[in-house]
Each structure stands twice: as C-alpha cells, then as structure tokens.
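First comes the structure, then the notes that go with it.
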Amino acid sequence: MEIACQLSCVRASLPAGVTLVAVSKTHPVEAIREAYDAGHRIFGESRPQELCAKYEALPDNIEWHMIGHLQTNKVRSIAPFVRMIQSVDSARLAETIQREAARCGRTIDILLEIHVAQEETKSGWDVGELKRYLDSAPFRSMPNIRVRGVMGIATNTDNERDVRRDFEELKRCFDLLRPYFGVYFDTLSMGMSHDYPLAVECGSTMVRVGSLIFGERDYAKKEEVVG
Ligand SMILES: *Cc1c(COP(=O)(O)O)cnc(C)c1O
C-alpha cells in the first residue's frame, strides 16, 4: 500500500512527457508487484542476474531497463527481453549488444552513459572521447541497436549548484550528440530520488527513482532478494 502511495506522489510531481523508471534493485518481487498492481510498468535494475530472476517471476508486459554497469559477458542473459540498456559506456559494449540483439532477432534501445560527476568512481563516457568515436561513424552499422539518448548521474552532494552544473552538462551533451542520430534520439535520463525535481527543471525526460518509492535499500539483505 505504501509503495502505491509513494508511486502516485512521484508520478503526480512529474510534468507530462517525463517518464518514470521505478528502480527496484535489491527490493523483492512482491514490492515490484505492488507497483505493478498500481499500474506501473517500467522498472530499472542494476544487476543482470537479479534482473533475469525478476523477469522470470513477474508478468511479461513489464518494460525492464538495465541501469547499472554491464559487463559484456552478461549481455547475452538479458538480450532476449531487456527493453532498454541505459548504461552503455564503451564501444565494445555497444558492439556486444548489437551482436546479441541480432542473435535474438530483436532491436534494443540504448542510452549512452556520460560521465559528468566529480567522483572518479562513476562510470560513463568522457564526452570528447565519445564524439571522436562517433566521428568514425560505427553506430550507423548497428541495425539492432536504437540509440535513444543520454544517461547520467550527478555528483552526490547537497550543493545544489554543483548538481545543477552536472545536469546542465548532461543536457549540453544530449544536444551535442543528437545530430549524430535519428529521430529516435529523444531521451535524456537524469534525476534520482534526491535530485529529480532539479533534473526535470534542467530538461530531463526520464527520471530513475528508487528509494523514494520502495524505501531505503538494505544491501546486506540483497542475497535474499532474488532467492
Ligand atoms: C540506484 C540507482 C538509481 C535510483 O537511486 P535512488 O536514489 O534510490 O532513487 C538511479 N539510477 C541509477 C543508475 C542507480 O544505480
């Protein structure tokens, strides 16, 4: 009940045209089912194994988004069903997704993850490096991938000015990269539980909200989640 409540609060706070990805990582299948029963269909997960287990356990009209760092050797396990891979941070990963999507006879939507945060630990492309890669035009020969836009994570800080700067940088990357792709390039995925209103203000079209809907994550319990 509480999940349905929180979900409708978050939904009500979003302007039309902003898509909500409910980030369910570490939370059990029953929690996702509660959100599903409240009408939600788009869920984000960050570990391939957990994603597969939840896909098996839940209705197949759910749109699953992979939002966490993805190793190339894990792509095969999610390629048959994943709707969008938001965390594409290398040419090698894009090429692997292309190959696995072709094997399944599917087209997979992807986002290019851009590194803007001040923390070194966060993954993603350096935008200059990405632009050089795109200038060599390899995405055009990947027919089973549809590049839908850009994803990013802002610096984890209470300083609103720094967070705004990161979101503005992501918006600038989105505008810079758009000419390389077709009409499908329409998604700017930025904003999480603590910063999504600011992200929306800066032009986000997709927010990824977890703890505000499902409660705090307990990483110590994560082994039980998929069991
Ligand atoms: C976990 C996660 C989220 C959701 O974080 P919350 O703070 O719980 O809203 C969003 N995006 C990514 C990439 C994540 O890993």
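Residue-wise test of (1) open to solvent by 70 Å² or more (accessible area, probe 1.4 Å); (2) of a type in the set (D, E, K, R).
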site: Ala94; (1), (2): no, no
site: Glu100; (1), (2): no, yes
site: Glu113; (1), (2): no, yes
site: Glu119; (1), (2): no, yes
site: Lys122; (1), (2): no, yes
site: Asp135; (1), (2): yes, yes
site: Asn144; (1), (2): no, no
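Given the criterion in contact with a strand residue (DSSP E or B) (Cβ under 6 Å, 6 or more places away or on another chain), modelled with pLDDT under 95 and closer than 30 Å to Arg164 by Cα, identify the matching residue among Val116, Val127, Val88.
The match here is Val127.
Out of segment 205-227, which residues are at pLDDT 75 or above and small (Gly, Ala, Ser)?
Within segment 205-227, Gly210, Ser211, Gly215 qualify.
Take residues that are closer than 22 Å to Ala12 by Cα and tell me which of the helices (runs of 4 or more DSSP H) falling wholly in segment 108-213 contain 3 or more.
196-201
Of everything in segment 64-81, what is more than 15 Å from the ligand (Cβ to nearest atom) and either within 24 Å of Tyr36 (Cα to Cα) or polar (S, T, N, Q) (or both)? Give them in sequence order.
Passing the criteria: Gln71, Thr72, Asn73, Ser77, Ile78, Ala79, Pro80, Phe81.
The values are calculated or read from the model by the stated rules, or taken from the named source; none is laboratory data. What you see is a predicted model, and the numbers here were worked out from it, not measured in a lab. Neighbour counts run over all protein chains shown; Cβ positions are idealised from the backbone, glycine included. Areas reflect the complete protein model, heavy atoms only, side chains present, ligands, DNA and RNA absent. Shrake-Rupley method; radii C 1.70, N 1.55, O 1.52, S 1.80 Å.
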